[in-house]
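One structure below.
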């Protein structure tokens, strides 16, 4: 056994023999009868195999890697040498249990255990008979189970039909060995010398190129005749694949020979042309001259092209610089110099396209229509640099396609996220192999016109490294006063970008370089209201998902109330990206029901939504009644839109310490300190006993401590919470506020008003307290967003307390 060889039979292990060597071991019918007479033990240690199946009579080597397997082999080799071998259902499972292994396997005898040089343990085992696991007794130190015989392989081996099947099996095996160059011809000798029919079937099954699941299916077939027929099917498929593979290889070899012949002929022709005094690249150069005549470039560009073309003619085509020069001239003639697409000045059509593709976004649409109107009147103007700024998923990027269609221009998109090489913008100098133009020039070449709509996506995510600062390289691109002569290092000439309509998108203005931000016109794209999200879902998201999943509007209908339930209960965002994912789940459920012919409700109900999406999960931005003193509802801005937060305060006996928790930033901690000092200095005005500050500790907490919070928006909220706590008066219900305070009690304005108002509406807030200076921000918001809300504008903290504290007349706070 130690000298036996294992060769590949369709990527599986196959025992081989030489004519002068001993069979290893090819079972005879007598051996098979003796093996069947052996009694099956009542219990067996179970060895799970990851990627193979053991058949009765077959000898295979196994490499043991798991500790359990190594312990099992060691104990069995020292004892009866009989084990139970089963295959795993999933080879990735590291510690398989009863659910992870197949119930039917093969009793095996350990023939030899080898310690390999790399430290692994290899065991050679031979299958005996099939068994079935009845019960797992123990799982440590390895699996032990009670077993029973699975039924002996049975068939009438003397029938003509069975003998014909065996002959076909041998014939196909020999043909596969012959057609597969990876299998040595000695393998056919092993097939011819197998005397036992059952062993022949099991031997071929073991060495077929099949998955573990397919081999397990063959092992579970009790009838030898049925197992042989199933094996024949797999062998026929394998033989067809081999024949097709050989035909393809023959054809490819023929094609390669033809290509080599053509290459040598071209080389000979080139040599003949050079010997005759001609230039072999005349045709290529002439083609460039023809293209150049059609270009609308000025005299300066034309002279430069002629100079570079003459340089290429003088070059030896074999040098590396020749290919660089050719690529440079190819770029020159392919760029759309002074070629512009004609703008469409139908403003009503443009408005219809923008309204069709995007619901809401009125500021952006108005700005595009204004641009078209001015362009129509002047017929020539430098394109503006627009920057759409807002949270993810509100439609900033997709707006570019609609703008391009409305203008009748080509559309180009360039993603800037993570860009850190300045050469990506300005290009490489053409002094070395691999030089390329920048992505700006490449995109203009791809568009085919010099006035496309150019989307600069995620401009706030530009990075920088030792290879330069791309955001600084963008300064020239996005400056209407400079980009008429944008210089690309590879092009080595200025290119006019002034007619390109650049539209940048960003999620965070703070990370954009100030000089770059100054060159752009910022348009704030805020979040959507619930009503707007419902309309967007009905008009765009649901039809899109139905189309992508092969359904129509007749297959699934989601009503307005059900859509509102999805928006409120399963999404928490300013945009609609998460909403689209939830709608996609509903559509997939309908598609699955149709595919398996299962009944479902075409018109979705609330119960259907909870069945598919689960119980509503996102209720944390809902208003909670202020049932106790010291709890106030605030409004905050986040990267995904507005949100509400609750500020809680409690008293405990102590020495007047102030504790602040909730993962707050420096600004919010300072706001809490200012609020506390302001109350101490105005305690009498609020009806608070000054001695309480020395006898009690104050603890301020903002829930959801895992989320970092910071910003100048919670000053009046913290002060109201503390006054409510010390006065033991509850804050008015359905009231929220936002604003910063000073030590003198003045209320300062804050930003993100629209997002905060949308968050208040989602949370069913009825009244909002804002700084008087924020009144102008509210007037810019659509009336429909403000429906159902009452606004109180204040300038001093005493006004906030009067409005917020229920059933309490608080005097005006005296000013320091």
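The values are calculated or read from the model by the stated rules, or taken from the named source; none is laboratory data. The shown structure was predicted, so the numbers you read here are calculated from the model rather than taken from an experiment. Cβ: placed from backbone, ideal geometry, glycine included. Neighbour counts: every protein chain shown.
When residue 119 is tested against the conditions (1) surrounded by fewer than 17 Cβ atoms within 10 Å (Cβ to Cβ); (2) within 18 Å of residue 50 (Cβ to Cβ), the lone failure is (2).
One residue stands out among those in region 465-481 that are surrounded by 16 or more Cβ atoms within 10 Å (Cβ to Cβ) and outside any helix (DSSP H, G or I): the one that is modelled with the lowest pLDDT, which is 468.
Suppose we filter 405, 370, 422 for residues that are surrounded by 15 or more Cβ atoms within 10 Å (Cβ to Cβ) and at pLDDT 85 or above; which single one remains?
Numbers: 370 fails: surrounded by 15 or more Cβ atoms within 10 Å (Cβ to Cβ); 422 fails: at pLDDT 85 or above.
Criteria check complete, one pass: 405.
For residue 433, state whether it is under 30 Å from residue 571 (Cβ atoms) and in contact (Cβ under 8 Å) with a residue 12 or more places away in the chain. Walk me through how you get there before you give the answer.
Numbers: under 30 Å from residue 571 (Cβ atoms): no; in contact (Cβ under 8 Å) with a residue 12 or more places away in the chain: yes.
In short, no.
Name the pairs: first residue in region 412-430 and outside the structural domain of residue 463 (by TED's automatic domain parsing) and farther than 17 Å from residue 472 by Cβ, second residue buried (at least 21 other Cβ atoms within 10 Å of the Cβ) and at pLDDT below 85, Cβ to Cβ under 9 Å, at least 6 apart or on different chains? Listed by first residue and then by second, the contacts come to nothing, as the list is empty. As a summary of the residue check, residue 117 satisfies the conditions (1) in contact (Cβ under 8 Å) with a residue 60 or more places away in the chain; (2) more than 15 Å from residue 47 (Cα to Cα); (3) within 44 Å of the chain's Cα centre (by Cα) except for the one numbered (1). Entry remark, region 429-446: residues being surrounded by 13 or more Cβ atoms within 10 Å (Cβ to Cβ) and assigned to a loop (DSSP other than H, G, I, E, B) number 5 in total. Please go through region 237-252 and pick out each residue that is under 41 Å from the mean Cα position of the chain (by Cα) and surrounded by fewer than 16 Cβ atoms within 10 Å (Cβ to Cβ). Answer for region 237-252, where residues must be under 41 Å from the mean Cα position of the chain (by Cα) and surrounded by fewer than 16 Cβ atoms within 10 Å (Cβ to Cβ): 237, 240, 241, 243, 244, 245, 246, 247, 248, 249, 251, 252. Is there a residue being more than 39 Å from the chain's Cα centre (by Cα) and buried (at least 21 other Cβ atoms within 10 Å of the Cβ) anywhere in region 745-754? Yes, that holds for at least one residue.
Among the residues making up region 65-83, a single one is surrounded by 19 or more Cβ atoms within 10 Å (Cβ to Cβ) and in a strand (DSSP E or B): 83. Taking the conditions (1) closer than 30 Å to residue 788 by Cα; (2) without any contact (Cβ under 8 Å) to a residue 60 or more places away in the chain; (3) assigned to a loop (DSSP other than H, G, I, E, B) in turn, residue 690 satisfies each one other than (1). Taking region 664-685, which residues are over 13 Å from residue 714 (Cβ atoms) and in contact with a strand residue (DSSP E or B) (Cβ under 9 Å, 6 or more places away or on another chain)? Result: 676, 678.
How about region 96-113: which of its residues are part of a strand (DSSP E or B) and either within 19 Å of residue 148 (Cα to Cα) or not assigned by TED's automatic domain parsing to the domain that holds residue 150 (or both)?
Filtering region 96-113 down to residues part of a strand (DSSP E or B) leaves 101, 104-113.
Correct list: 101, 104, 105, 106, 107, 108, 109.
Can you tell which of 222, 217, 213 is touching a helix residue (DSSP H, G or I) at 6+ places or on another chain (Cβ under 8 Å), surrounded by fewer than 17 Cβ atoms within 10 Å (Cβ to Cβ) and farther than 17 Å from residue 164 by Cα? Let's see the steps before the verdict.
Details: 222 fails: touching a helix residue (DSSP H, G or I) at 6+ places or on another chain (Cβ under 8 Å); 213 fails: touching a helix residue (DSSP H, G or I) at 6+ places or on another chain (Cβ under 8 Å).
Testing whether each residue is touching a helix residue (DSSP H, G or I) at 6+ places or on another chain (Cβ under 8 Å), surrounded by fewer than 17 Cβ atoms within 10 Å (Cβ to Cβ) and farther than 17 Å from residue 164 by Cα leaves just 217.
Results for (1) surrounded by 18 or more Cβ atoms within 10 Å (Cβ to Cβ); (2) under 30 Å from residue 326 (Cβ atoms); (3) touching a residue at least 60 places away in the same chain (Cβ under 8 Å), shown as yes or no for each residue.
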| site | (1), (2), (3) |
| --- | --- |
| 492 | no, yes, yes |
| 495 | yes, yes, yes |
| 504 | yes, no, yes |
| 520 | yes, no, yes |
| 528 | yes, no, yes |
| 545 | yes, no, no |
| 548 | no, no, no |
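Residue 314 falls short of the stated requirement of being without any contact (Cβ under 8 Å) to a residue 12 or more places away in the chain and either touching a strand residue (DSSP E or B) at 6+ places or on another chain (Cβ under 7 Å) or closer than 26 Å to residue 400 by Cα (or both).
Looking only at region 318-377, residues that are within 18 Å of residue 447 (Cα to Cα) and outside any helix (DSSP H, G or I) come to 10 in all.
Can you tell me which residue in region 27-64 is modelled with the highest pLDDT, limited to those that are in a helix (DSSP H, G or I) and buried (at least 17 other Cβ atoms within 10 Å of the Cβ)? Of everything passing the filter in region 27-64, 35 is modelled with the highest pLDDT. Taking the criterion of being crowded, with 19+ Cβ neighbours inside 10 Å and either closer than 26 Å to residue 638 by Cβ or modelled with pLDDT of 85 or more (or both), would at least one residue in region 683-696 satisfy it? There is no residue in region 683-696 that is crowded, with 19+ Cβ neighbours inside 10 Å and either closer than 26 Å to residue 638 by Cβ or modelled with pLDDT of 85 or more (or both). How many residues are under 47 Å from the mean Cα position of the chain (by Cα) and exposed (fewer than 15 other Cβ atoms within 10 Å of the Cβ) if we restrict to region 309-334? Counting residues in region 309-334 that are under 47 Å from the mean Cα position of the chain (by Cα) and exposed (fewer than 15 other Cβ atoms within 10 Å of the Cβ) gives 8.
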